[in-house]
1. Being open to solvent by less than 10 Å² (accessible area, probe 1.4 Å), within 14 Å of chain B (Cβ to nearest Cβ) and aromatic (Phe, Trp, Tyr) narrows it down to one of A:Phe581, A:Phe614, so name that one.
2. Kindly state which strands (runs of 3 or more DSSP E) lie completely within segment B:30-147 and contain at least 2 residues that are open to solvent by 40 Å² or more (accessible area, probe 1.4 Å).
3. Can we say A:Leu88 is at pLDDT below 95 and hydrophobic (A, V, I, L, M, F, W, C)?
4. Out of A:Glu636, A:Glu629, A:Glu600, I need the residue that is under 30 Å from B:Leu237 (Cβ atoms), within 14 Å of chain B (Cβ to nearest Cβ) and of a type in the set (Asp, Glu). Which one?
5. Provide a single number: the residues in segment B:175-194 that are of a type in the set (A, V, I, L, M) and open to solvent by 10 Å² or more (accessible area, probe 1.4 Å).
6. Could you identify the single residue in A:Glu575, A:Glu656 that is modelled with pLDDT of 95 or more, closer than 20 Å to A:Ser529 by Cα, open to solvent by 30 Å² or more (accessible area, probe 1.4 Å) and not basic (Lys, Arg)?
7. Within segment A:262-275, which residues are of a type outside the set (Val, Ile, Thr) and either touching a Gly at 6+ places or on another chain (Cβ under 7 Å) or open to solvent by 20 Å² or more (accessible area, probe 1.4 Å) (or both)?
8. Name the residues in segment A:222-251 that are over 19 Å from the mean Cα position of the chain (by Cα) and surrounded by fewer than 18 Cβ atoms within 10 Å (Cβ to Cβ), would you?
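The values are calculated or read from the model by the stated rules, or taken from the named source; none is laboratory data. Keep in mind that what you see is a predicted model, and the values were worked out from it rather than measured. Cβ atoms come from the backbone with ideal geometry, glycine included; neighbour counts cover every protein chain shown. Side chains included, ligands, DNA and RNA excluded: accessible areas come from the protein's heavy atoms. Shrake-Rupley method; radii C 1.70, N 1.55, O 1.52, S 1.80 Å.
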Amino acid sequence: MMIKNVLVRSPLFHYYKAYKYYKRQDIRADVYQNSELNKKRKMVGICTNGSVRQFEKLLKKISITIRNGQRFQNWIDTGIFYCRKNVLIQNTSPDYRKVIDYSLKELKMENTDESNAICMQNRQVLLAVEQYIVRIMSEIRSKTGTAECASEKKRLEQTYIYFKRMYNEKAESLEEALQRILFWSDMFWQTGHMLMGLGRLDMILDRFEISDRENTIKIIQDFYDSLHRYYPFKSGDEALGDTGQIIILGGEAEDGSYFYNEYTYLFIEALKKHKIPDPKLLLRVSDKMPDELLACALKCIATGVGSPLLANDKIIIPSMTEFGYQKEDACNYVVSACWEPFVYGKSAEVNNIRSINYAKAITGMYQSTLFLKCRNYEDILKLYFENLDIVLEEMLLSLDRLEWERDPLLTFFTDGCIENGKDVSEGGAVYTNYGVLGDGFGNTVNSLLFIKDSVYRDGIYTLEKIREICISDYVKEEERKKIARLSNYYGKDEEEVWQTVKRIKEHVFNKCGFYRNKFGGRLKWGVSSSNYMINGKNTAATLDGRRAGEPLNVHISGSGPLPYTELINFASGIEYSNHGFNGNVVDFIVSQNFIDSNFEKFLNFLKLSILNGFFEMQMNVVNSGQLIEAKRNPKEHLDLIVRVWGFSAYFVELPEEYQNLLIKRALISEEKDVG
Amino acid sequence: MERKGKILITNIQRFSLHDGPGIRTTVFLKGCSLRCPWCSNPENLDCNIQPYIENGVEKFYGRYYTCEELYQEIMKDRKYYRGNIKEYCIRNEENIADLPGGITFSGGESLLQIEALVPLCEKLKEEHIHMTSETCLFVPQSSLELAICYMDFFYADLKILNVKQCQEIIGGSLELYLSNLNLLLHSGKPVVIRIPVIGGFTDTRDNMERAIQLICEYANDEKVNLLKIELIKEHNLGISKYQSLAMCNAGYKTPEYKGVSDEVIELYKEKIAEKIKEKIPVDVCKI
């Protein structure tokens, strides 16, 4: 893992990533090859780690790409990259209100205190950006001369004005504001940041009047296309689609009212009509939201585009205030790339810094010599917690070793840095907590309750026998199926399942609740994870019929078919306080036909589920037949979108193991034989 | 096992959206008074626990529940039994969507175990939980009267309306059916009539005409609270259950469905609508 972390930060990795981007041979490569790649560029690394000088140098070297016929101009020079020594704070959403509502001139005026190092750093950033814009305007001017028709010319002239106005004016229209967001967002990607979200766009665009609804949708769709342009480049290494470009919509305000506006609808409508997996949407839901908005979201979800993910303010905001965020800030939460809540514009929090592999402690437990000496379920739990402590201690130690890369760009966008006189890498932000994910939580609950019932209550198995079965990695398929059937607990709304969840969470709190990082920030955790596949590969067989190397349980989902109400009841019965709010997603599969033919009832189900109290919810709107057919004939299903851990992706582009897992889960949800 | 006062159930289906208003929990009661050759729930015919084989493993259809056990199970989704109105005795089909979810007793024939269900129904009624019954109406009148006391909504089947065929094909007394239908429709409780359209059995011209005539009579009766007519197209989703039961020699004949065309169903629907002058909505339901 450590070697991987070092490699990921090295120029070699960026070179490899860019190379892969150019040389894509996958099924949708044609789509990306058409997106005007700069194939002739040499790979250039910019050294001078983390300083503003590095940022200045970078902006001077970027090859600017202006395209004819585009509403928005955006580019990433994929051949140019930062060299850095430490880890960048990323997986975050800058508050772009700063650059929409203020001109560069005004922003410079806010950074005049020469005694404040961060003011000076911000000023240098702004000066470098001003110089960069001069180059951009020159490029646009020369491109305007080659425009083939009057409309193209007019568009480029308009874009020229937008860039020029950045010096002295705040944005005046939706189009201008979105162009600014694209410009600054691309600078984050250009400086090596990954998984960069877009923030609360409906809120920050609120002041721009909508005169023509259809035209506004078209503008937003063009904005989506611009964000999507460098999709393979922006995607993480594990799977295409993991870009983290998330747009947050709606949400409860501090006074308890629900904020939404016409843009909330239009961002959803635009995605519904223009199905692409990236960017993705998250809708903050509440019992105070209008039914029409929830219906609008459901119609979008029903298209199979994979979003919006629903985040329940009734549960999330109190969990955040209990943790220590100010109420006003908690009400202004966004999420990291997928689902981890944090405060918008005031945080330098890395929310998926590590993952707690709960299942690893199960394997440690049954491999221990003490396992066979356990006389009852309490002994088993004690042994499990001893093994979990090893996992937790290892994780906490690794957190203390982290060093952050100086980051002038994110520092400029983050409140608290000027007041504290510190860069985000030095703990300058208002909030500096860390967040960790959770893997194999479901496998753990299933394994423990299997022992409780099948060994100690029913006497179907002995500890010796189940240990032997697991160490042999379920050599007999029939035995594996039997244990899988007997250990199907997670997701059921039964008291003993909740109690087991509660005891594990309490143990984590007792062990990690005291943690303070070097900035004084605390640790938060959740039971969702993006690592169920990767960590599954390194985890031996668990006591729930899962073989060594197989994927771990996905988020909050059942290992067998469950009524949706039961799954939501289960998720709503989990306590998310005590730092346990770092992403807890209910994840289930539902067919489009089912939603369409029961729309009103399904909508009611969502409304009542919000009241019931789920934390977050996402749906894969597919069926097993579609997925099997798409795997068999990928060329016929190039545009089939699925939801992976916290992002949407084209099914045919996913690694085979992810395809297989989705097919298996769809078959289970349809109560069909998975073979 | 002590069975007195217990209820024999084959399945409790949560998040059920097709068995009544709102989000429901459907309780499938074991045992039926008829033997319809097209039945898609053969596991609910016999009123005893029955073995069957699934994937080579012997399992059993049916489990006895006390009212309390059943109450605990069906109330797990009580948070989802919410609607827009508190008065359940609606008189308009459009108001069905406003009714809350709740519990649906299905089967088999749900009313065969109504006496055992009374303590549960009392409790549910106290808590204002909406209750629906799906019934073929081939039950003693006393059972129906009891059900009318507790149920808020009924789905009543309309199958074969020829005395002889009714007896020979499905094993029921048409006289009893008609008497119970009359009782139910005049009870004031909201009723939806469900007509299974089955090739070779209920789709004959004669049977369709009799059905239309019967519906017409009630459609014109203002005292009757008939909300809707639903035509259910035949399907073969129960075949695998016949096969699983056959492995344990249950003795049921697996249905040979002749099929019903969409045109026949649509024509049937139009005829009913025309005759009743669209006083009551008619829908086609495909499962």
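1. None of the others qualify; the one that does is A:Phe614.
2. B:50-54, B:57-61
3. Criteria met by A:Leu88.
4. After applying the criteria, what remains is A:Glu600.
5. Kept after step one, since they are of a type in the set (A, V, I, L, M), are these residues of segment B:175-194: B:176, B:178, B:181, B:183-185, B:191-193.
Keeping just the survivors that are open to solvent by 10 Å² or more (accessible area, probe 1.4 Å) gives B:176, B:178, B:183.
Of the residues in segment B:175-194, 3 are of a type in the set (A, V, I, L, M) and open to solvent by 10 Å² or more (accessible area, probe 1.4 Å).
6. A:Glu575
7. Within segment A:262-275, A:Glu262, A:Tyr265, A:Glu269, A:Lys272, A:Lys273, A:His274, A:Lys275 qualify.
8. A:Asp222, A:Asp225
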